[in-house]
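Taking it in order: structure first as structure tokens, then the write-up.
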Amino acid sequence: MKLNEHYLSLEESYLFSEIAHRVSRYTAEHPEAQVIRMGIGDVTLPLCDAAVQALHEAADEQGKKETFHGYGPEQGYDFLREAVKNYYASYGVTLDAADIFIGDGAKSDVGNILDLFDADNTVLIPDPVYPVYRDTNLMAGRRIVYMDANRENGFLPMPDPTQKADIIYLCSPNNPTGAVYSRDQLTEWVRYANAQDAVLLFDAAYEAFVQDPELPRSIFEIEGARTCAIEFCSLSKTAGFTGMRCGYTVIPGDLKRGGASLRALWLRRQTTKFNGASYPVQRAAAAVFTPEGMEGCRKNLEVYRQNALLISRTLTDLGIWHVGGVNSPYIWMQCPNGMRSWEFFDLLLEKAHLVGTPGSGFGKNGEGFFRLTAFGSPEATQEAMERLKKLLA
Ligand code: MLT
């Protein structure tokens, strides 16, 4: 028996597990510390009423012989695929319901999609990056080419036409930096992906934070994307579903490589390895897309947006360079006084009892940077900013 030796080349633990471990060690030693968590992007506001009501109704259905549901369709129930289709249509993107696959969150699908691709492919990944893109490719032993995201390019790297790539990852609004690609920039990426015959994996998990109508929320707003892109989205941040688990992946019927339809291959993969998201969760997800559900989500998103603005304003007042915080729940800041990322993490935890994410955990270009999230309560965010000012002013 041989192990997949590529696992041995990974960092010992996943970034957010490492942070959780360090924080619990600190709180065990300092039980009096009132720690405020702005590290992992986990939401704190509850589900909207429409989703909760739908969950209750679905639970009742599951308790009666006449309305009980067993295995559902692996690609998701039609009622939810139609709701997602209509959501896209609400901002001008026309999809076929068959292009939409319901899953248990974007993270799983972003990792699992790699089943479709050969291990010999060259993968183009921005640095800094959401670690899932990097680690899932390292697990398969794929060759990764990193593209530099930095202050000079506003943490929005653009394609180099001389660089060969088969698989390309983009996330906009970006995790971890909060930077958002413009329509023109994404058009350039789509042209590059089509010219390379590459597949562009587009993570749109934070699209609900985009308020500027000039900024694209979906890669399918860009001409030419249907022949090169797959989009991953999730209700985690849009609707507070981090603990519910529901997302969707869009693979247009026009996307073909080597003469094969990627949509058909993904369907084959899902029907073999996945039994679908649970029925009550899909009912709750469908309720999110009703007018009442959307209104409930809008109110919660507004709370997070105000938190992000407060963080951004505080950093501006402190004279600290940062990006994000507008059209995004993430704020990416330069560590003060030339500190390294983990050094600043320790300082914040010990002196202000604040938790953030060290930029270096997202890649070498993240060294010297730090990520804060806007998903806390307004009170906790206010308190965190007071502590930050006291520490750094
Ligand atoms: C993050 O903090 O980067 C995200 O919450 C992680 C995720 O969505 O998996």
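The values are calculated or read from the model by the stated rules, or taken from the named source; none is laboratory data. Treat the numbers as computed from the prediction; the structure is a model and nothing was measured. No Cβ is skipped: glycine too gets one built from the backbone with ideal geometry, and neighbour counts run over all protein chains shown. With ligands, DNA and RNA removed, areas are computed over all heavy atoms of the protein, side chains included. Shrake-Rupley method; radii C 1.70, N 1.55, O 1.52, S 1.80 Å.
Observations
- Each of the peptides 9-19, 77-87, 263-273 was scored by the mean count of other Cβ atoms within 10 Å over its residues; in descending order, highest first, they stand as 77-87, 263-273, 9-19.
- For the stretch 110-259, Kirkwood radius (reciprocal of mean inverse C-alpha pair distance, Å): 15.6
- In terms of the mean number of neighbouring beta-carbon atoms within 10 Å, the peptides 235-242, 110-117 order highest first as 235-242, 110-117.
- Comparing Cα centroids, the stretch 188-215 and the stretch 117-176 end up 13 angstrom apart.
- Comparing the stretch 145-216 with the 2.2 N^0.38 Å rule of thumb, its C-alpha radius of gyration ratio is 1.08 (two decimals).
- For the stretch 62-97 and the stretch 267-286, distance of Cα centres in Å: 9
- Scattering curve values for the chain, log₁₀ I(q)/I(0), Debye with Cα scatterers, q = 0.11, 0.12 Å⁻¹: -0.82, -0.98
- Beta bridges assigned by DSSP with both partners in the chain are antiparallel in approximately 50 percent of cases.
- Phi angles across the stretch 251-261 convert, under the Karplus curve 6.51 cos²θ - 1.76 cosθ + 1.60 with θ = phi - 60°, into 3J(HN,Hα) values of 10, x, x, 6, 7, 10, 9, x, x, 9, 7 Hz, Gly and Pro given as x.
- Heavy-atom accessible surface of the stretch 1-111: percent carbon and sulfur, 1.4 Å: 52
- Note, ³J(HN,Hα) from phi for the stretch 41-56, Karplus 6.51, -1.76, 1.60, rounded to Hz, x at Gly and Pro: x, 9, 6, 10, 8, x, 4, 5, 4, 4, 5, 5, 4, 5, 5, 4
- Residue-wise HN-Hα couplings along the stretch 89-99, as the Karplus relation 6.51 cos²θ - 1.76 cosθ + 1.60 with θ = phi - 60° gives them from phi, are 4, 5, 10, x, 9, 9, 10, 8, 4, 5, 6 Hz; Gly and Pro carry x.
- For the stretch 244-393, alpha-carbon Rg over 2.2 N^0.38 Å: 1.40
- Taking 0.36 nm per residue of sequence separation and removing the Cα-Cα distance, the THR27/LYS65 pair yields an extension gain of 8.9 nm.
- The stretch 1-26 and the stretch 319-393 have Cα centres spaced 23 Å apart.
- Average accessible surface area per residue within the chain, 1.4 Å rolling probe, Å²: 44
- For the stretch 1-94, the equivalent ellipsoid built from the Cα gyration tensor has semi-axes of 38, 24, 19 Å, listed from largest to smallest.
- Percent carbon-and-sulfur accessible area, the stretch 212-285, ignoring ligands, DNA and RNA, probe 1.4 Å: 49
- The apolar share of the surface of the stretch 135-181, taken as the fraction of accessible area on carbon and sulfur atoms (1.4 Å probe, ligands and nucleic acids excluded), comes to 51 percent.
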